[in-house]
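S.K.: Just passing along the structure, written as structure tokens.
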């Protein structure tokens, strides 16, 4: 109970919208995806954010939904990405996958090992130059729409 209170205070303190209340109404109690590595557990409109341990991702098909071994989870969260020959960093998923448009998903590589897939918030795409989620107009092609030579200088070819 203390954990739920602390997480609720943290959400309010950072000014984040409560994901467990939509249009003034509590969503149905349950687990809801935030990213591949985290989900929110809603109980009577109160959110509790759960981070999955290393090697696990959110599995909506598990009963009850929650963190699970990556090998038990379908795309995009359970997909193993090829990091062979890649430097440590973040990379876009350049093809559409499992209901996500190209470049809305990204993954990280450390020591040529896939550390997992994440999603950009709605309306944003992964910007390979800045290695963050960004507005499409501020992100160079192929992930964004910008062709501005000043912005797009030295953009790595990652797709």
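The values are calculated or read from the model by the stated rules, or taken from the named source; none is laboratory data. Here the structure is a predicted model, which is why all the values come from computation and not from measurement. A quick note on method: Cβ atoms are made from the backbone with ideal geometry, for glycine too, and the neighbour counts reach across all protein chains shown.
S.K.: Any residue at all in region 49-69 that's in contact (Cβ under 8 Å) with a residue 40 or more places away in the chain and assigned to a loop (DSSP other than H, G, I, E, B)?
M.R.: No, there is no match, as no residue in region 49-69 is in contact (Cβ under 8 Å) with a residue 40 or more places away in the chain and assigned to a loop (DSSP other than H, G, I, E, B).
S.K.: In this structure, is residue 135 under 26 Å from residue 19 (Cα atoms) and more than 14 Å from the chain's Cα centre (by Cα)?
M.R.: Yes.
S.K.: Taking region 129-143 only, how many residues are at pLDDT 90 or above, buried (at least 20 other Cβ atoms within 10 Å of the Cβ) and part of a loop (DSSP other than H, G, I, E, B)?
M.R.: Residues meeting the conditions: 1.
S.K.: Then there's this: Applying the selection to region 73-100, what residues are touching a residue at least 40 places away in the same chain (Cβ under 8 Å) and in a strand (DSSP E or B)?
M.R.: The answer is 89, 90, 91, 92.
S.K.: Please work out which one of (1) surrounded by 15 or more Cβ atoms within 10 Å (Cβ to Cβ); (2) in contact with a strand residue (DSSP E or B) (Cβ under 8 Å, 6 or more places away or on another chain) is the condition residue 94 fails and give its number.
M.R.: With (1) surrounded by 15 or more Cβ atoms within 10 Å (Cβ to Cβ); (2) in contact with a strand residue (DSSP E or B) (Cβ under 8 Å, 6 or more places away or on another chain) applied to residue 94, the lone miss is (2).
S.K.: Here's something else I'd like to know. Return the residues of region 46-60 that are in contact with a helix residue (DSSP H, G or I) (Cβ under 9 Å, 6 or more places away or on another chain) and either in the same structural domain as residue 103 (by TED's automatic domain parsing) or at pLDDT below 90 (or both); say none if nothing qualifies.
M.R.: 55
S.K.: Take the residues in region 144-155 that are part of a helix (DSSP H, G or I) and touching a strand residue (DSSP E or B) at 6+ places or on another chain (Cβ under 9 Å); name whichever of them is modelled with the highest pLDDT.
M.R.: 152
S.K.: Residue 114: within 27 Å of residue 69 (Cα to Cα) and not assigned by TED's automatic domain parsing to the domain that holds residue 33, yes or no?
M.R.: Yes: the conditions hold for residue 114.
S.K.: Going through region 7-39 one residue at a time, which ones are more than 20 Å from residue 118 (Cβ to Cβ), assigned to a loop (DSSP other than H, G, I, E, B) and modelled with pLDDT of 85 or more?
M.R.: If the condition is that a residue be more than 20 Å from residue 118 (Cβ to Cβ), assigned to a loop (DSSP other than H, G, I, E, B) and modelled with pLDDT of 85 or more, then 18, 20, 23, 24, 27, 28, 29 are the ones that fit.
S.K.: Any idea which of 116, 99, 89, 111 is on the phi > 0 side of the Ramachandran plot and buried (at least 20 other Cβ atoms within 10 Å of the Cβ)?
M.R.: 116
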